[in-house]
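See structure below.
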Amino acid sequence: MKPLVSIIMGSTSDLPVMEKAAKLLDEMRIPFEINALSAHRTPEAVENFAKNAADRGLKVIIAGAGMAAALPGVIAANTTLPVIGVPIKGSVLDGVDALYSIIQMPPGIPVATVAINGAMNAAILAVQMLALSDAELMEKFASYKESLKQKIEKANVDLKEVKYDYKTN
């Protein structure tokens with residue numbers, strides 16, 4: 001089974017954030033891989049990965065990075081595949097530096113960017129992209145979205161049972 005999605009992070013310290021993407025892809029039964037590559041410490045490996053990603057059958061790349069956050073942009077510069085950037089909180093600037101680094105790409109080198117630590121949304125975007133050409137996955141994803149709605153509806157039922165002296169509903 002060849003991976004369709006690649007989850008890349010600057011180091012394994014990013015795994016607690018990026019594993020949210022892995023869990024959703026696993027739930028959707030989408031083959032994926034996870035690797036640590038650093039735009040600054042292993043630039044040749046990053047370039048090699050990106051240039052060969054499409055030939056390996058990958059369809060979407062999710063790249064998480066903190067601080068200077070060059071990884072998603074370097075990957076996007078070296079592939080024609082869609083790249084989804086996940087800014088990771090971890091610096092004194094609480095991830096805002098990573099967000100700006102990822103989102104402010106030059107014309108022609110876009111990186112779709114999610115919220116700081118938003119790896120789950122990155123996986124959702126990857127699923128939506130893959131589902132465009134996979135009716136079964138589209139149906140599975142529609143069920144997933146329906147389950148999100150049902151969780152909120154159940155939460156509201158449960159909240160009706162919570163008692164406070166001045167609560168009116």
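Hey, can you tell me all the residues within the stretch 5-47 that are β-branched (Val, Ile, Thr), under 16 Å from the mean Cα position of the chain (by Cα) and within 23 Å of ILE109 (Cβ to Cβ)?
Within the stretch 5-47, VAL5, ILE7, ILE8 meet the criteria.
Restricting attention to the stretch 122-140, the residues that are surrounded by fewer than 18 Cβ atoms within 10 Å (Cβ to Cβ) and over 14 Å from LYS59 (Cβ atoms) total 5. Since ALA65 meets every condition but one in (1) part of a loop (DSSP other than H, G, I, E, B); (2) within 13 Å of the chain's Cα centre (by Cα), which condition does it not meet? Going through (1) part of a loop (DSSP other than H, G, I, E, B); (2) within 13 Å of the chain's Cα centre (by Cα) one by one, ALA65 breaks only (1). Filter the stretch 87-112 down to residues that are crowded, with 22+ Cβ neighbours inside 10 Å and touching a residue at least 40 places away in the same chain (Cβ under 8 Å) and give me whichever is nearest to PRO72 (Cα to Cα). Looking at the filtered set, the residue picked out is VAL111. Determine whether ILE84 is out of contact with any Asp or Glu (no Cβ under 7 Å at 6 or more places or on another chain), buried (at least 16 other Cβ atoms within 10 Å of the Cβ) and assigned to a strand (DSSP E or B). Yes; evaluated as a whole, the condition is true for this residue.
The set of residues in the stretch 68-83 being over 17 Å from GLY108 (Cβ atoms) and in contact with a strand residue (DSSP E or B) (Cβ under 7 Å, 6 or more places away or on another chain) consists of ALA69, LEU71. For the stretch 133-159, a residue qualifies if it is of a type in the set (Gly, Ala, Ser) and over 23 Å from ILE30 (Cα atoms), and exactly one does: ALA155.
Among residues of the stretch 6-47 being among the charged types (D, E, K, R) and part of a helix (DSSP H, G or I), the one that is surrounded by the most Cβ atoms within 10 Å (Cβ to Cβ) is ASP14. Picking from residues in the stretch 48-62 that are charged (D, E, K, R) and in a loop (DSSP other than H, G, I, E, B), the one that is nearest to the chain's Cα centre (by Cα) is LYS59.
Values quoted throughout were computed directly from the atomic coordinates according to the rules given, and no laboratory measurement underlies them. Because the structure is a prediction, the values reported are computed rather than measured. Backbone-built Cβ (ideal geometry, glycine too); neighbour counts: all protein chains shown.
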